[in-house]
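Undergrad: Sharing a structure below in structure tokens format, with a few things to ask.
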Amino acid sequence: MEKMAELLLFTLIGLCFGSFLNVAIIRIPKNESISLPSSHCPTCKHPLKWYHNIPLLSWIALRGKCSFCHTSISYQYPLVELFSTLIFLICYSQTHSLLQGFLTSFIFTLLLALSIIDLRYKAVPDMLSLPALFCSFALGEPLVSLQNGLIFMGAFALLRMVISAMMKREAMGEADIIIAGIIGAMMGIKLGCASIYLGAIIALVAFMMVRKRGFELPFIPFLSFALFITWLFDTHILKILETIL
């Protein structure tokens, strides 16, 4: 019964936090308040009723359309709520305490929001990235996490300077340094390096697929996805590293 209650709790929090992230994804890049005005249809501007805001269920009940103007509602809304819930449930199943589960879920769902914002707006707001960074320092042994996070941030900052000097233009973004800090704090040196390497490989494959279409791909979605994969399969990846090294 206790496990079921915890599972239900993480499910509800995941759904609700996903709903909040949808608001953050839409409003923060536009420098709009995340609390005012209240939720409304982006097309007809009509304020939504409380039952229009039930995470995931409202979108399904409305068949993906506004109740007032019948304009289609973006698939982003249910997908973010669904993925947020899945992240919370996966983190719950993989961690040893509720606090660790909440912190890890919080970090990965913020990275989900940051990835979507970076893809849509080529921007990474500090009000989402910095809380994720500070939470990553609280995982594990705080001093060790802080040390590893700072090492990775320093290494990425130096790499950014070198690449920018070689290319004679700004390379990578400042926000990539924050994400590198999160990776270092959560995964440590070995797994952190493996995570960044994996992110670079995935990004390279994606770049090769879209380069002829002229798309500009941000790095943060790939770093975030690689971090999640590395965190989820850390034991297996460590065994692979030990075999190689």
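We did not get these values from a lab; they are worked out from the coordinates using the rules stated. Please read these numbers as outputs of a predicted model, since none were measured by experiment.
Undergrad: Report ³J(HN,Hα) in whole Hz for each residue of the stretch 151-162, in order, from the Karplus equation J = 6.51 cos²θ - 1.76 cosθ + 1.60 where θ = phi - 60°; Gly and Pro get x.
TA: 4, 5, 5, x, 5, 5, 5, 5, 4, 4, 5, 5
Undergrad: Further question: Name the residue, out of PRO131, PRO37, PRO142, whose mean-square fluctuation peaks in a Gaussian network model built on the chain with Cα pairs under 10 Å.
TA: Fluctuation is largest for PRO37.
Undergrad: If each DSSP helix of 4+ residues adds -39,500 (n - 2.57) and the sum is divided by the residues in the chain, what number results at 222 nm, nearest 500 deg cm²/dmol?
TA: The helix-only estimate for the chain comes to -24500 deg cm²/dmol at 222 nm.
Undergrad: Stretch LEU48-ALA123 to full length: gain in nm at 0.36 nm per residue minus the Cα-Cα span? Write out the running numbers ahead of the final one.
TA: Numbers: separation 75, 0.36 × 75 = 27.00 nm, distance 2.81 nm.
Stretched out fully, the LEU48 to ALA123 stretch lengthens by 24.2 nm.
Undergrad: Is the shape of the chain best called rounded, prolate or oblate, per the rule: a/c under 1.5 gives rounded, else a/b larger than b/c gives prolate, else oblate, with a ≥ b ≥ c the square roots of the Cα gyration tensor eigenvalues? Working shown, then result.
TA: Details: a/c = 2.01, a/b = 1.35, b/c = 1.49.
It is oblate, given that a/c is not under 1.5 and a/b is not larger than b/c.
Undergrad: In the Gaussian network model of the chain, springs joining C-alpha atoms below 10 Å, which of TRP231, TRP59, TRP50 carries the largest mean-square fluctuation?
TA: TRP50
Undergrad: For the stretch 123-245, what relative contact order do you get, as a whole percent, if you take Cα pairs closer than 8 Å and at least 6 residues apart? Don't skip to the answer; put the middle values down first.
TA: Details: 115 pairs, mean separation 30.6, N = 123.
Dividing the mean separation by the residue count of the stretch 123-245 yields 25 percent.
Undergrad: Oh, and also: Mind telling me which of THR109, THR85, THR71 comes out most flexible in a GNM of the chain, alpha-carbon contacts under 10 Å?
TA: THR71
Undergrad: Continuing with the same structure: With an 8 Å cut-off on Cα pairs and a minimum separation of 6 or more residues, tell me the relative contact order of the chain in percent. Could you put the intermediate results ahead of the total?
TA: Numbers: 278 pairs, mean separation 40.6, N = 245.
Contact order relative to length: 17 percent.
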